[in-house]
Amino acid sequence: MEPGAVVLDSAQSAAARRLAAVLDRHGRPRKRHRGVYLHGRPGRGKTMVMDRFFATADPRRRRRFHFHGFFAELHAATHALGSVERAVERLLGDAELVCFDEFHVNDIGDAMLVARLLDTLFAQRRVLVVTSNYPPRALLPNPLFHDRFVPSIERILAHLDVVELDGPLDYRTRGARRGSGFVAGGYLVETPVEASGPGVVADLGAGRTVRAEAVDGEAVVFDFAHLCGTPTGAADYLRLTRRFRRWTLRGVPILRAVPPDRAMRLVNLIDVLYDADLPCTIEAAAPVAELTAGVAAIPEVARTASRLSELPQIEARTVRTV
């Protein structure tokens, strides 16, 4: 074994073997082969195992996306081209293997587009590999709408092998990404939530703006109340990451004390920053465990807690945000 090589645990090894079976010896997806739906709690190594698999695939016929980013592009391309099928062709080209990280369906409006996406991918016989915190039957968990997504869940089960990767250890608590941008340049600071300053305008495109507290080159400071307390979404955060490469988010309250839509926006924001691997300082009202406890209406908060737990915690007076 090479020095520093990653040693997979038993659950990760089993998942890696199942993924390896998708490809032939040339790194091409096997003809008419089922894809893989890899699920488990945050921090268990799903993304790492999928990315190791993806690295072995023929680079001419593979595409890999974080689902937030792909879904934002799919929305825009579908609107521009008039159909999901044409949008998929533009985004995926002739890729035979498509990998989605952090696949999820939480909103009924999104669910209808996801259903059309899945139908298109399966009809085109592309091999699909996804990671998710949800088993398939737990997608779109809202009981008011879940039944409407059941046909799509059945199609997932018909085309993908479901593999659970859910060992006892959250590896993010062991500092698995200490060298990365999100962690290496970021902090979590426990500090009281205070009133923000006068602010500046940050452009969201299409005539929409959001208030930032400060901007200095590629560094930006947002207040939770202004960024997550207004109707912003993952597509907005993706746009902002193209402009700002170092982030500070101030005034993050204990999440069970705020409306669920605000907590969900924080989940989406951290997903986007984590996937973009951007340095991020979070100034919050409490340590991670207390900050994220008791938000039963939003299961994804567990993923946010796992990711925030990687940030070093320091005293507020030592932080320079911009």
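The values are calculated or read from the model by the stated rules, or taken from the named source; none is laboratory data. In this text, all values refer to a predicted model and were calculated from it rather than measured experimentally. Virtual Cβ from ideal backbone geometry, glycine too; neighbours counted across all protein chains shown.
Selection of segment 110-127 for residues being closer than 18 Å to D161 by Cα and in contact with a His (Cβ under 9 Å, 6 or more places away or on another chain) yields L118, L121, F122, V127. Could you please let me know if G93 is out of contact with any His (no Cβ under 7 Å at 6 or more places or on another chain) and surrounded by fewer than 18 Cβ atoms within 10 Å (Cβ to Cβ)? Criteria met by G93. Look at (1) of a type outside the set (D, E, K, R); (2) crowded, with 23+ Cβ neighbours inside 10 Å; (3) more than 24 Å from T131 (Cα to Cα) and you find that A289 fails only one, number (2). Within segment 1-16, which residues are of a type outside the set (V, I, T) and part of a loop (DSSP other than H, G, I, E, B)? M1, E2, P3, G4, A5, L8, D9, listed by residue number.
For F122, the test of being under 15 Å from G35 (Cα atoms) and surrounded by fewer than 22 Cβ atoms within 10 Å (Cβ to Cβ) is passed. Restricting the first member to segment 269-282 and to residues that are farther than 17 Å from H226 by Cβ, and the second to residues that are in a loop (DSSP other than H, G, I, E, B) and at pLDDT below 90, the beta-carbon pairs closer than 6 Å and six or more apart or on different chains are D277/S180; P279/G185; P279/G186.
Using the structure shown, decide if L273 is out of contact with any Ser or Thr (no Cβ under 6 Å at 6 or more places or on another chain), at pLDDT 95 or above and either within 22 Å of T47 (Cα to Cα) or not hydrophobic (A, V, I, L, M, F, W, C) (or both).
Considered against the rule, which asks whether it is out of contact with any Ser or Thr (no Cβ under 6 Å at 6 or more places or on another chain), at pLDDT 95 or above and either within 22 Å of T47 (Cα to Cα) or not hydrophobic (A, V, I, L, M, F, W, C) (or both), L273 comes out as no.
For residues that are in contact with a Gly (Cβ under 7 Å, 6 or more places away or on another chain) and within 26 Å of S306 (Cα to Cα), scanning just segment 134-170, find the one that is surrounded by the most Cβ atoms within 10 Å (Cβ to Cβ). By that ranking, first place goes to L165. Selection of segment 17-46 for residues being surrounded by 19 or more Cβ atoms within 10 Å (Cβ to Cβ) and in a helix (DSSP H, G or I) yields L19, K46. For segment 44-53, state whether one or more residues are in contact with a Cys (Cβ under 6 Å, 6 or more places away or on another chain), modelled with pLDDT of 95 or more and of a type in the set (F, W, Y). No: zero hits. When segment 83-106 is filtered for residues that are free of Cβ contacts under 8 Å to residues at least 12 places away in the same chain and either of a type in the set (D, E, K, R) or assigned by TED's automatic domain parsing to the domain that holds A234 (or both), the ones remaining, listed by number, are R86, E89. Determine, yes or no, whether E73 is buried (at least 18 other Cβ atoms within 10 Å of the Cβ), at pLDDT below 95 and not aliphatic (A, V, I, L, M). Here the answer is no, as E73 does not meet what is asked. For segment 109-137, a residue qualifies if it is over 26 Å from E89 (Cβ atoms) and either over 18 Å from the mean Cα position of the chain (by Cα) or without any contact (Cβ under 8 Å) to a residue 12 or more places away in the chain (or both), and exactly one does: R137.
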